[in-house]
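**Student:** Submitted below is the structure of interest, expressed as structure tokens.
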Amino acid sequence: MKNTFSGKIVWVTGASSGIGEALVNAFAKQDSKIILTARREEELIRVKKESGLTDENSLILPLDLYQTENLPQSIEKIKAKFGNIDIAICNAGIAQRFSVMESTMEINRQIMELNFFSVIALAKSVLPEMLKRKAGRIVVISSVNGKISLAGSSIYAASKHALQGFFDALRAEVYRDNIGVTLVCPGYVKTNVSINAVTAQGGTHGKMDKGQQHGISPEKCANGILKAIAKGKNEFYIGGPEMLALTFKRLFPQLFLNVANWVSPKKK
């Protein structure tokens, strides 16, 4: 896969940590030109420096994806710097740590706004130029929760299921225009996703769950994603033993539900 992405212009959202940061590092090693986006500009500058990127082959583009009305301005900045976008990676998102009855509609909408609506807004913002050039790929970082819903993951899983439905349809619409859509469904990855997860009160969970503690590294996840993009995969799954749940659910759906119900946390 050496130099597969040399000179490619890659936009990574959620680039300040976790999978996003690992993707920046992986593409930098491939001599790609990278747009780094997240809310925290100082962290983007750190990632740029640590990945060995320069002012010539990168663009720091701070953006709060809750404010999708700023996307057209961001697209113009990218055009002015690089001219086009070859690969757009929609990685920003937030997890939850609460039950259905604990949640408010405000929190539910907050998660859907970032995990779903901001993603489709970003995809729609990069599509016009891709359609003109008849080239490009949109990569969406979903989750194994886009296929499986468990207790405590209601609105997060719903947002990931929604991504699956939307981007399956988009893939079919742009197939003849030579534009690819890759949905990535990771299992447990050792990032701060559980630490930053939102609680029912709107605060942060503040601790790393066991799943993330024992998850694969962001670097392993990122390298797998690059290989999936290079192969033009429509969907890509990566993780540890937890990924067996996908096969288990498909082959033994009722038994899977029984087990899922049994291991669900008891109400306090």
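**Student:** Within the chain, what percent of beta bridges assigned by DSSP are antiparallel, to the nearest 5?
**Tutor:** 5
**Student:** At a threshold of 8 angstrom on Cα-Cα distance, excluding pairs fewer than six apart, so keeping six or more, what relative contact order does segment 1-134 reach in percent?
**Tutor:** It comes to 26 percent, rounded to a whole number.
**Student:** Determine the distance separating the Cα centre of segment 2-70 from the Cα centre of segment 147-180; give it in Å without decimals.
**Tutor:** Their Cα centres are 24 Å away from one another.
**Student:** Let me ask something else about it. Rounded, prolate or oblate: pick one for segment 142-224, where a ≥ b ≥ c are the square roots of the eigenvalues of its C-alpha gyration tensor, a/c under 1.5 means rounded, and failing that, prolate if a/b is larger than b/c, else oblate.
**Tutor:** It is oblate, given that a/c is not under 1.5 and a/b is not larger than b/c.
**Student:** Same structure, new question: Counting DSSP beta bridges with both partners in segment 85-237, what percentage is antiparallel, nearest 5?
**Tutor:** 5
**Student:** Name the most mobile residue of 15, 230, 162, meaning the one with the largest mean-square fluctuation, in a Gaussian network model of the chain with Cα contacts below 10 Å.
**Tutor:** The residue with the greatest mean-square fluctuation here is 230.
**Student:** Taking the chain, how much of its Cα-Cα pair set, in percent, is spaced more than 31 angstrom apart?
**Tutor:** Every Cα pair in the chain considered, those over 31 Å come to 23 percent.
**Student:** For the chain, what is the calculated [θ] at 222 nm in deg cm²/dmol (nearest 500), taking -39500 (n - 2.57) for each run of four or more DSSP H residues and dividing by its residue count?
**Tutor:** When only DSSP H runs of four or more count, the value is -13000 deg cm²/dmol.
**Student:** Considering Cα pairs under 8 angstrom that are at least six residues apart, work out the relative contact order of segment 115-184 and quote it in whole percent.
**Tutor:** 43 percent.
**Student:** With only alpha-carbon atoms counted, please give the Rg and Dmax of segment 114-186, in Å.
**Tutor:** 13.0, 44
**Student:** Find the relative contact order for the chain and round it to a whole percent, using C-alpha pairs within less than 8 Å whose residues are 6+ positions apart.
**Tutor:** 18
**Student:** Now a separate question. With just the Cα atoms defining each centre, how far is segment 191-259 from segment 87-104? Give it in Å.
**Tutor:** Answer, in whole Å: 13.
**Student:** Normalized C-alpha radius of gyration of segment 1-152, against 2.2 N^0.38 Å?
**Tutor:** With N residues counted in segment 1-152, Rg over 2.2 N^0.38 Å equals 1.09.
**Student:** Percent of alpha carbon pairs in segment 82-150 separated by more than 14 Å?
**Tutor:** Tail of the P(r) past 14 Å holds 66 percent of the pairs.
**Student:** Using the Cα centre as the reference, give the magnitude of the dipole from point charges on the C-beta atoms of segment 60-187 (Lys, Arg: +1; Asp, Glu: -1; all else neutral), rounded to the nearest 20 debye.
**Tutor:** Using Cβ point charges on Lys, Arg, Asp and Glu, segment 60-187 gives about 440 debye.
Laboratory data are not the source of any read-out in this text; all were calculated from the coordinates shown. These numbers were taken from a predicted model, which means no experiment stands behind them. For neighbour counting, all protein chains shown are included, and Cβ atoms are generated from backbone atoms with ideal geometry for every residue, glycine included.
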